[in-house]
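Data block below; observations after.
The values are calculated or read from the model by the stated rules, or taken from the named source; none is laboratory data. Computed from a predicted model, the values in this text were never measured in an experiment. Every residue, glycine among them, receives a Cβ derived from its backbone with ideal geometry; neighbour counts consider all protein chains shown. What goes into the accessible areas is simple: the full protein's heavy atoms, side chains included, and nothing from ligands, DNA or RNA. Shrake-Rupley method; radii C 1.70, N 1.55, O 1.52, S 1.80 Å.
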Amino acid sequence: MEISDQLGYLLFFVAFAMAFKTWDVRRALSRAKSDWKRAHGEIVSSLITYETSGTAENRSSLYKADLSYRYEAGGRERRGKRICVGGQFRYASPSRAQDYCEKYPEGKSVVVHYDPKKPDDAVLELREETSFAAITVGVLAAIGGYYLVT
């Protein structure tokens, strides 16, 4: 098997895995919109965290809005960290993380959406943050198909 075939299969597999993940998140979002309950909550902490990787000469950082909120569900106080369904991305620039911290400052009253079957499963926004995945899937599948055909 040639390298181009291996690359084609790898890209096709990654595209398939991303398509499955996107489908799974959209299914979870649909369920959340129809079945989840709402509770009043409060932002406990709102700050930007970052991770660095790479070598000393070529270091990169990824930024994330690290939020914590409390809400009551199932008769007791609970804590959550997720902003939206499907998780939260880390960004190459701190500006997007800063946007979330400004939207959800410490002490702000918020509406928390939670799963009544698993009340610890909660988010602040009933939306997904993986919409770019659909484009990525198409691009990877096209590149993978190109390598398989040529």
Exercise for the section: Return the distance in nm (one decimal) between the two label points of a simple spin-label model at Lys118 and Arg27, each offset 7 Å from Cα along Cα→Cβ. Expected result: 1.3 nm
Fill in the blank from the handout: Residue separation between Glu102 and Glu125 times 0.36 nm, minus their alpha-carbon distance, gives in nm 6.8 nm
Practice task
Just the number, please: carbon plus sulfur as a percent of the accessible area of the range 55-122, 1.4 Å probe, no ligands or DNA/RNA counted.
Solution key: 46 percent
Completion exercise
Ignoring ligands and nucleic acids, Leu47 exposes an accessible area, probe 1.4 Å, in Å² to the nearest 10, of 80 Å²
Fill in the blank from the handout: Full extension between Tyr9 and Ser95 adds, at 0.36 nm per residue less the Cα distance, a length in nm of 27.3 nm
Fill in the blank from the handout: For Lys81, counting only lysines whose alpha-carbon sits under 19 Å away and dropping same-chain residues fewer than eight positions off, the answer is Lys33, Lys37, Lys64, Lys103, Lys108, Lys117, Lys118
